[in-house]
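Notes to accompany the following structure.
The values are calculated or read from the model by the stated rules, or taken from the named source; none is laboratory data. Predicted model only: the values in this text are computed from it and were never measured. Methodologically, a virtual Cβ is constructed for each residue, glycine included, from the backbone with ideal geometry; neighbour enumeration extends over all protein chains shown. All accessible areas refer to the heavy atoms of the entire protein, side chains included, with ligands and DNA or RNA removed. Shrake-Rupley method; radii C 1.70, N 1.55, O 1.52, S 1.80 Å.
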Amino acid sequence: MALVSNIISSISQKVTKFGLNSNAINWECVRYASKKAGSCTKNKTIKTRPKLRGLRVSDGEFVQAGKMLATQLRPRFHPGLNVGCGKNGTLFAMEKGNVMVTCEKVNLNWDHPWVRLNYANREGQTIYKKHVNVIPEPQHNRFKLINTI
């Protein structure tokens, strides 16, 4: 506080030196912003991370049970053999085995309003969908039949 009063007194001495009335000057402390506003384009250094949706494993890869196979917003990949579907459309392996992605022909019910809305103008065409399958590894053949009952 003493530093501020020393500065004001030195300024008032200089003002009276030039012949001005020091009582007529209004002393106001103005605090300026130390950062730019958030809407300024030069201040946007934080970028959002991409979601990285799509297939997480490649065709023919070995996976364990519970491994995430694909993340998706809309049903782009469909669950096949030994594959489960989560609430948000995530596909996961239900058994351990090799991943196999197939493209299968689909028979749609054209009387359903959802099918007519989403597949409009494609009634005469053949429609294919990608299915993700997990082919389980073969079981061992270590058992022998000794006697029949």
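Out of Asn133, Asn109, Asn98, report the one residue that is out of contact with any helix residue (DSSP H, G or I) (no Cβ under 7 Å at 6 or more places or on another chain), open to solvent by 60 Å² or more (accessible area, probe 1.4 Å) and on the phi < 0 side of the Ramachandran plot. Before the answer, list the steps.
Details: Asn133 fails: open to solvent by 60 Å² or more (accessible area, probe 1.4 Å); Asn109 fails: out of contact with any helix residue (DSSP H, G or I) (no Cβ under 7 Å at 6 or more places or on another chain).
Result: Asn98 is the single residue among Asn133, Asn109, Asn98 that is out of contact with any helix residue (DSSP H, G or I) (no Cβ under 7 Å at 6 or more places or on another chain), open to solvent by 60 Å² or more (accessible area, probe 1.4 Å) and on the phi < 0 side of the Ramachandran plot.
Can you pull out every residue in segment 112-127 that is aliphatic (A, V, I, L, M) and farther than 17 Å from Pro75 by Cβ? It would help to see each step written out before you state the result.
Of the residues in segment 112-127, the ones aliphatic (A, V, I, L, M) are 115, 117, 120, 127.
Result: Ala120, single match.
Give the residue that is least open to solvent (accessible area, probe 1.4 Å), with candidates limited to residues of segment 57-87 that are free of Cβ contacts under 8 Å to residues at least 12 places away in the same chain and part of a loop (DSSP other than H, G, I, E, B). Give the steps one after another, and end with the answer.
So in segment 57-87, the residues free of Cβ contacts under 8 Å to residues at least 12 places away in the same chain come out as 84-87.
Narrowing the set further to residues that are part of a loop (DSSP other than H, G, I, E, B) leaves 86-87.
Details: Gly86: 27, Lys87: 213 Å².
By that ranking, first place goes to Gly86.
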For segment 100-148 the number of residues that are in contact with a strand residue (DSSP E or B) (Cβ under 7 Å, 6 or more places away or on another chain), outside any strand (DSSP E or B) and without any contact (Cβ under 8 Å) to a residue 24 or more places away in the chain is 3
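State the number of residues belonging to segment 120-149 that are among the hydroxyl-bearing types (Ser, Thr, Tyr) and at pLDDT 85 or above.
Of the residues in that region, 2 qualify.
Being under 30 Å from Val57 (Cα atoms), at pLDDT 85 or above and of a type outside the set (A, V, I, L, M, F, W, C) is the filter here, so list the residues in segment 96-118 that pass it. Lay out the reasoning, then the answer.
Filtering segment 96-118 down to residues under 30 Å from Val57 (Cα atoms) leaves 96-108, 115, 118.
This time we only want the ones that are at pLDDT 85 or above, so: 96-108, 115.
Once the filter is applied, which keeps residues that are under 30 Å from Val57 (Cα atoms), at pLDDT 85 or above and of a type outside the set (A, V, I, L, M, F, W, C), segment 96-118 yields Lys96, Gly97, Asn98, Thr102, Glu104, Lys105, Asn107.
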